[in-house]
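Visitor: I'd like to ask you about the structure that follows.
None of the figures in this text is laboratory data; all of them are computed from the coordinates on show. Only a predicted model underlies this, so the values are computations on that prediction, with no experimental measurement involved. Quick reminder, even Gly has a Cβ in these numbers, built from the backbone with ideal geometry, and neighbours come from all protein chains shown.
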Amino acid sequence: MDRGSSGLSVTATPTFQYGGFFFRGDLAWVHVGSPTPGDAFGPLGKDDSQFRAVGENGFVFGNNITPEKKP
């Protein structure tokens, strides 16, 4: 990016967990202001914003895998 350019990002990362298993999604929108031509987003580097999404799942080891006890 060049002098005088700027950037803005908005991200949401919700996480769902059941016992030790988790799923996390990441949604983001990124915008660049006054980019140098060819250095921004898209195949030609001329797009000034980009949306992205990614999902992730896994298992957390530890003592959080026991179910909650009901009273």
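Visitor: Treating only the Cβ of Lys, Arg, Asp and Glu as charged (+1, +1, -1, -1), what charge dipole size does the range 1-56 show about its Cα centre? Round to the nearest 20 debye.
Guide: Roughly 80 debye for the range 1-56.
Visitor: Tell me the trypsin sites (Lys or Arg not before Pro) within the range 1-54 that lie in a loop according to DSSP and have at most 12 other beta-carbon atoms within 10 Å.
Guide: Details: sites: 3, 24, 46, 52; in loops: 3, 46.
Those that pass, being in a loop and sparsely packed, are 3, 46.
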